[in-house]
Amino acid sequence: MIGRLNHVAIAVKDLDAATAVYRDTLGAKVTEPLPQPEHGVTVVFVELPNSKVELMSPLGENSTIQGFVDKNPAGGIHHVCYEVDDILAARDQMKAAGARVLGTGEPKIGAHGKPVIFLHPKDFLGTLVELEQV
């Protein structure tokens with residue numbers, strides 16, 4: 001069901017500093033910051049030949065990642081994102097297999113403008129999983 005790895009997301013406290021590490025130290029192409037108020041984050045994407053790294057920082061006082069950043073002030077891997085052809089079919093298959101879909105279970109529009117859902121880390125070896133329809 002899952003397709004290619006779309007991105008690995010790293011939550012950071014200081015998005016400008018994190019962007020500089022990838023852009024200036026590693027020489028990567030990094031997108032402009034993209035606020036995602038409905039998700040409580042601001043993101044940039046580090047563009048790689050075969051995938052992306054998403055750097056994300058809290059946006060607003062109700063950010064969904066603020067607790068993660070508080071526990072990991074130096075930053076850390078937050079989630080992995082896999083591509084799927086049909087987000088609703090993937091969601092239904094996950095639920096039928098006993099996996100927990102976070103939130104209401106209804107897809108939201110992600111940073112790429114495509115529907116996404118998140119799956120509970122306790123069901124996936126301690127890793128928060130995002131599925132994105134392509």
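The values are calculated or read from the model by the stated rules, or taken from the named source; none is laboratory data. For clarity, every value in this text was computed on a predicted model and none was experimentally measured. A quick note on method: Cβ atoms are made from the backbone with ideal geometry, for glycine too, and the neighbour counts reach across all protein chains shown. These area figures cover heavy atoms from the full protein model, side chains too; ligands, DNA and RNA do not enter into them. Shrake-Rupley method; radii C 1.70, N 1.55, O 1.52, S 1.80 Å.
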Quick one: in the stretch 10-44, of everything that is open to solvent by less than 60 Å² (accessible area, probe 1.4 Å) and hydroxyl-bearing (Ser, Thr, Tyr), which residue is nearest to Gly60 (Cα to Cα)? Thr42
Could you list all residues from the stretch 107-133 that are of a type in the set (A, V, I, L, M, F, W, C), surrounded by 15 or more Cβ atoms within 10 Å (Cβ to Cβ) and assigned to a loop (DSSP other than H, G, I, E, B)? Ala111, Phe124
Do we have any residue at all in the stretch 49-60 that's at pLDDT below 95, within 21 Å of Leu128 (Cβ to Cβ) and either open to solvent by 40 Å² or more (accessible area, probe 1.4 Å) or polar (S, T, N, Q) (or both)? yes
Quick check, is Ser51 hydroxyl-bearing (Ser, Thr, Tyr), free of Cβ contacts under 8 Å to residues at least 60 places away in the same chain and under 25 Å from Met94 (Cβ atoms)? yes
Kindly establish whether Gly67 is farther than 17 Å from Gln133 by Cα and either open to solvent by less than 20 Å² (accessible area, probe 1.4 Å) or out of contact with any Pro (no Cβ under 8 Å at 6 or more places or on another chain) (or both). yes
So which residues in the stretch 94-106 are assigned to a helix (DSSP H, G or I) and either over 19 Å from Gln133 (Cα atoms) or of a type in the set (A, V, I, L, M) (or both), if there are any at all? Met94, Ala96
Scanning the stretch 2-34 for residues that are part of a loop (DSSP other than H, G, I, E, B) and either in contact with a helix residue (DSSP H, G or I) (Cβ under 7 Å, 6 or more places away or on another chain) or more than 19 Å from Glu130 (Cβ to Cβ) (or both) gives Val12, Lys13, Asp14, Leu26, Gly27, Ala28, Glu32, Pro33
Quick one: how many residues across the stretch 1-52 are among the basic types (Lys, Arg) and either under 13 Å from the mean Cα position of the chain (by Cα) or farther than 26 Å from Gly103 by Cα (or both)? 3
Go through the residues of the stretch 77-95 one by one and say whether even a single one is in contact with a His (Cβ under 8 Å, 6 or more places away or on another chain) and among the small types (Gly, Ala, Ser). no
Please find, within the stretch 44-93, the residue that is farthest from Gly110 (Cα to Cα) out of those that are of a type in the set (Asp, Glu) and part of a strand (DSSP E or B). Glu47
